[in-house]
Amino acid sequence: MVTLTFPTWMEPYRALATGKVSRDQWQALMRQLLWPVLGIGLFLLMWQFAAQRIDTSLGQFPGPAQVWEQAGNLVNEHQQAREREVAFHERQEKYIAARLEQQPDWQPVTRAYTGAPTFFDQIGTSLITVMSGFLLASMIAIPLGIVIGLSSTVHAAVNPLVQLFKPVSPLAWLPLVTMVVSALYVSDDPMVSKSFLTSMFTVSLCCLWPTLMNTAVGVTSVSQDLTNVSRVLRLNALSHVRKIVLPSALPMMFTGLRLSLGIAWMVLIAAEMLAQNPGLGKFVWDEFQNGSSQSLGRIMVAVIVIGLIGFLLDRLMLMLQRALVWDKASAQR
């Protein structure tokens with residue numbers, strides 16, 4: 001006989017289905033379902049009320065209904081673009097087949113589809129860029145944070161640089177990164193575009209600091225008892241870090257990673273807008289420059305999508321934290 005186990009948060013819903021709901025379960029249902037729905041409903045009402053009273057140079061500010069309509073339009077445009085891409089490849093294959101029948105020695109050249117990227121294409125580009133920049137920053141910040149936490153000498157040497165560069169805006173880094181990438185990344189057949197590298201390095205420079213500092217704090221907070229155990233067992237430096245330091249520092253490390261990922265997403269949108277690099281930021285800027293009556297609604301769609309993606313990225317990092325960190329109390333929100 002198979003016994004199904006459910007997460008704790010599902011217990012109120014199971015009780016509601018059976019008709020036996022305790023007072024605590026009712027309160028849990030209200031916290032998880034009723035109050036969020038009421039909060040969203042109140043926000044939509046306030047949004048609609050305010051939108052009706054705001055007139056801009058592009059027309060009335062869009063309310064929820066207009067934004068929903070533009071979201072549907074963006075979905076339809078994406079589907080139409082995919083259909084055009086499929087038709088392009090079919091025509092190309094037919095042309096190559098017909099040409100080869102006439103000229104068997106002809107060497108066909110396959111051309112890529114060059115249609116304008118859709119809204120969903122821009123989302124994919126931004127996600128790839130932000131995750132690349134975040135991973136690069138993590139690969140730098142975590143080892144350096146461990147070294148800083150273990151050595152007071154390294155901490156004293158590096159801390160002034162951290163405090164100096166931590167507040168620097170992405171708008172200040174972007175022109176410097178752009179010029180450096182343009183000067184050093186010179187290739188007739190580049191693997192990736194310069195715009196991708198520019199956005200990625202800008203994101204990395206701005207988002208590595210929370211992970212760096214929180215990792216260092218987590219390492220310095222390792223219990224003295226655990227350090228003494230390491231000495232008794234005569235663990236070498238690598239084993240000490242792997243078996244003692246990392247498990248103890250993971251809660252603080254993941255706090256820094258979540259903060260860094262949120263900063264990375266915000267920085268990326270700003271960098272894409274300023275540098276006109278492909279992604280959601282460029283989509284927003286292009287719609288602003290377009291100046292059509294639909295632009296405001298499409299920009300609001302992008303704003304909501306940016307917020308939803310940022311929320312989902314944080315939830316994914318929280319799920320990873322709950323799976324890897326032994327201290328479950330540190331991964332509740």
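The values are calculated or read from the model by the stated rules, or taken from the named source; none is laboratory data. Remember, it's a predicted structure, so these values are computed and weren't measured experimentally. Don't worry about glycine lacking a Cβ; one is built from the backbone with ideal geometry, like all the others, and counts go over all protein chains shown. Only protein heavy atoms, including side chains, enter the accessible area calculation; ligands, DNA and RNA are left aside. Shrake-Rupley method; radii C 1.70, N 1.55, O 1.52, S 1.80 Å.
The calculated FRET efficiency for ALA112 paired with GLN289, based on their beta-carbon distance and R0 = 25 Å, is about 0.40.
What the chain shows is 63 Å² of accessible area per residue, with the surface traced by a 1.4 Å probe over protein heavy atoms. Of the solvent-accessible surface of the stretch 119-328, computed with a 1.4 Å probe and all protein chains present, 71% belongs to carbon and sulfur. Springs join every pair of Cα atoms under 10 Å in this Gaussian network model of the chain, and among VAL217, VAL284, VAL192 the largest mean-square fluctuation is at VAL192. Taking every protein chain into account, the 1.4 Å probe leaves LYS94 with about 150 Å² of accessible area, to the nearest ten. Normalised by the number of residues in the chain, the average gap of Cα pairs under 8 Å and 6 or more apart makes the relative contact order 20 percent. Peptides 75-84, 34-43, 313-322, ordered by how many other C-beta atoms sit within 10 Å of their residues on average, highest first, read 313-322, 75-84, 34-43.
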